[in-house]
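Taking it in order: structure first as structure tokens, then the write-up.
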Amino acid sequence: MSGLMTGPGPAYGLDILENREKIELINTWKIFLQAVSTRDLNKIRNISVEKIRCLSCVDNTAEEDREIENLQTTNLDWYKKLYEEKVYIPINKFCEEDFPLIFTAEYMRKIQDREPTYAVEDFNDRKIYEVIIPASKPGELAAGHEGVLHIFQFVKTNTGYKFWGIDTIP
């Protein structure tokens, strides 16, 4: 179940983490944040699954935007293809092409300085552990703007938590 939440308090529409899970996720977040802060791409690769889920990565260049527009006009199942295939980005491609576009200096300041909320949700029968950061507070981008939450997603594996994806609300 996915849902909207507000601030660093309770995450509405998401499941509550057990105390042990929350401690593990906080530690995982610290490791991830250190890796992205130092731009340690090898570390990011090592703490990630082979393909991460990143809708923002699908069309963050003019060329990719044209590819999506073409997909929409030539493939009746474009929506299914987008959300079941294209949204999963190989971690090497993410590190080389998408990481520099997403993790700008300004963005890094925001995710380092703002208080995260920790939650878990079920996604296709899998527990997704989430670190939710208010990247833009309500009214910060423009008067009346609702703000933007960035969600860093992790899955638990036999070798610990792995970076699984990045998402936004809205």
Packing rank of 57-64, 147-154, where each peptide gets the mean count of other beta carbons within 10 Å, highest leading: 147-154, 57-64
List the residues whose amide H sits under 5 Å from the amide H of Leu17, counting only those 5 or more places along or on another chain, with H placed 1.01 Å from N in the peptide plane. Val120
Along the range 158-170, Karplus-curve 3J(HN,Hα) (6.51, -1.76, 1.60; θ = phi - 60°) to the nearest Hz, with x for Gly and Pro, reads 5, 9, x, 6, 10, 5, 10, x, 9, 9, 9, 10, x
Given H placed 1.01 Å from N in the peptide plane, which residues other than close sequence neighbours of Ser48 have an amide H under 5 Å from its amide H? Phe163
Applied in sequence order to the range 64-78, the curve 6.51 cos²θ - 1.76 cosθ + 1.60 (Karplus, θ = phi - 60°) yields integer Hz couplings, x standing for Gly and Pro, of 5, 4, 5, 4, 5, 4, 5, 4, 5, 8, 10, 10, 4, 9, 4
Using a simple charge model, +1 on the beta-carbon of Lys and Arg, -1 on the beta-carbon of Asp and Glu, nothing else, what dipole does the chain show about its Cα centre, in debye to the nearest 20? 600 debye
Say the dipole of the chain comes from +1 at the beta carbon of Lys and Arg and -1 at that of Asp and Glu; which of Tyr79, Asn124, Trp164 then lies farthest toward its positive end? Trp164
From the coordinates shown, Cα Rg over 2.2 N^0.38 Å corresponds to which of (i) 1.27; (ii) 1.05; (iii) 0.95: (ii)
Relative to the longest principal axis of the chain, what angle (0 to 90°, nearest 10) does the C-alpha long axis of helix 19-37 take? 60 degrees
Would you kindly enumerate the cysteines in the chain that have no other Cys beta-carbon under 4.7 Å from their beta-carbon? Cys95
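Read-outs throughout are calculated quantities, based only on the coordinates presented, and are distinct from any laboratory measurement. It should be emphasised that the depicted structure is a prediction, and the values quoted were computed from it without experimental measurement. Neighbour counts are summed over all protein chains in view; Cβ atoms, including those assigned to glycine, are modelled from backbone coordinates with ideal geometry.
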